[in-house]
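Below you'll find the structure, written out as structure tokens, and then a few comments.
Read-outs: derived from the displayed coordinates by stated rules, not from any lab. Just so it is clear, the model here is predicted, and its values are computed rather than measured. Ideal geometry is used to build each Cβ from the backbone, glycine not excepted, and the neighbour counts take in all protein chains shown.
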Amino acid sequence: MPTTAADTTVTLAADTNQALGIAQYAIDFLSDDPAKRGDPDASVLERTNMFFTDAVLCGLSALALKTNAPTILRNEALQYPVTDATHMVGRAVQRGATVFGSSVQVQPEKAILANGSAVREWDSNGTNFGYNPALNHLAGEFGHNDFYGVCVAGAQMAGKDGAYALKAMVCLDEIRGRLSEIFSLKTYKIDHVVHGAIGSAAVFGAMLGASVAQIESAIGMVVAHYIPFRAIRAGKQLSDSKGASAAISTEVAITAVRRSMSGFMGPRDIFRNPEAIFRIFEGPGQMFEKVGTDKANTKQADASPFNLVLSTAGEDFAVMGMHFKLG
């Protein structure tokens with residue numbers, strides 16, 4: 001991958017409110033303002049479209065073969081159709097979104113839950129490995145492109161086209177992919193889907209016209225209320241929770257956005273919060289250490305453990321480092 005250039009990135013420093021920064025990044029990236037909007041190279045859009053197509057085919061095949069969790073969660077979603085009483089938030093022009101194989105509008109978090117579970121069921125869609133030596137960001141957290149349903153639902157609700165949805169997918173992959181390079185959730189037995197849930201809250205909010213404060217609130221709720229542990233994918237017998245983990249975390253992320261856009265105020269400045277996952281494990285004044293180390297960060301500072309570098313233009317986007325699973 002090309003080395004990240006300063007004129008095509010934004011850096012959210014550790015001593016800043018990175019939740020607000022992520023919110024502003026997503027809003028700017030998806031805006032129409034030529035001075036602010038994201039400008040990914042055609043190769044980035046092409047690669048993202050390939051990963052999206054791959055994910056959709058994975059999801060459709062899982063449903064066609066009536067696999068358990070995707071079938072259950074799709075049926076669940078169809079029990080939550082939107083009505084005239086469904087609150088239409090922000091710039092939405094329709095109240096809901098759809099699941100694979102249906103034109104019925106359902107509550108968006110339920111549509112995203114169902115579609116996300118389907119695309120992940122086979123464990124066959126794209127994978128990133130959280131490794132960026134150009135910036136010495138080597139946390140090595142992995143993740144998958146399970147979150148494109150967020151962008152499809154957001155585009156449906158906002159009355160936008162596929163090109164807009166595709167650009168939103170680039171943005172979401174960028175946020176979760178870069179977070180995976182700088183903070184290893186698995187080291188602390190936290191499931192990797194948290195990074196995707198943060199990206200989902202930011203991008204869905206931006207697509208529907210949420211303010212930076214509303215997106216910050218939603219990200220705060222995701223991190224403070226909804227942290228999944230790797231018990232999901234450990235133990236003597238794996239369950240449906242493993243394949244549906246990203247879907248379930250995204251469901252609550254979208255709920256958090258809608259709640260914030262209705263006026264609920266979640267925790268602010270969550271990356272610098274001394275009792276949220278980032279600082280208690282690695283940041284200044286950390287409370288816990290991973291086994292085998294004696295390098296606790298005892299520094300007293302109002303900062304997160306990392307700088308976050310996000311691409312705004314060109315070819316060097318996180319999605320370009322993702323891998324297809326073949327065979």
**Complete:** Amide H neighbours of Gly314 at under 5 Å, excluding residues fewer than 5 places away on the same chain, with H built from the backbone geometry, are Asp39, Asp41
**Prompt:** Once the Cβ-Cβ distance between Ile280 and Phe142 is put in as r, and R0 is 22 Å, what FRET efficiency do you end up with, to the nearest 0.05?
**Reply:** 0.50
**Request:** Quick one: give the max-minus-min coordinate of the C-alpha atoms of the stretch 1-122 along each principal axis, largest first, in Å.
**Result:** 47, 37, 28
**Item:** Estimated 222 nm signal from helices in the chain, with DSSP H stretches of n ≥ 4 weighted -39500 (n - 2.57), rounded to 500
**Value:** -14500 deg cm²/dmol
**Request:** Using a Förster distance of 41 angstrom, determine the FRET efficiency expected from the C-beta separation of Met88 and Lys236, and round it to 0.05.
**Result:** 0.35
**Message:** Just to be sure I follow the rule: in the chain, considering lysines 8 or more places apart or on different chains, how many pairs have Cα atoms under 15 Å apart?
**Reply:** 5
**Request:** Please give the FRET efficiency for Asp302 paired with Val104, using the beta carbon to beta carbon distance and R0 = 41 Å, rounded to the nearest 0.05.
**Result:** 0.30
**Request:** Give the relative contact order (percent, whole number) for the stretch 173-327; include only Cα pairs under 8 Å separated by 6+ residues.
**Result:** 25
**Request:** Please report, to two decimal places, log10 I(q)/I(0) for the stretch 177-300 at q = 0.17, 0.20 Å⁻¹ as given by the Debye formula with identical point scatterers on the Cα atoms and no solvent.
**Result:** -0.89, -1.12
**Asked** Can you give me the relative contact order of the stretch 6-319 as a percent, contacts being Cα pairs under 8 Å and 6 or more apart?
**Response** 25
**Prompt:** If each of Phe129 and Asn75 carries a label point 7 Å out from its Cα toward its Cβ, how far apart are those two points in nm?
**Reply:** 4.0
**Message:** Could you check the spin-label model distance between Asp39 and Met265? Points 7 Å from the Cα along Cα→Cβ, value in nm.
**Reply:** 3.9
**Complete:** Over all Cα pairs of the chain, the Kirkwood radius sets Rh, and Rg/Rh then becomes 0.95
**the chain: DSSP helices with Cα axial extent of at least 27 Å and average Kyte-Doolittle hydropathy no lower than -0.5** = 42-64, 162-182, 240-261
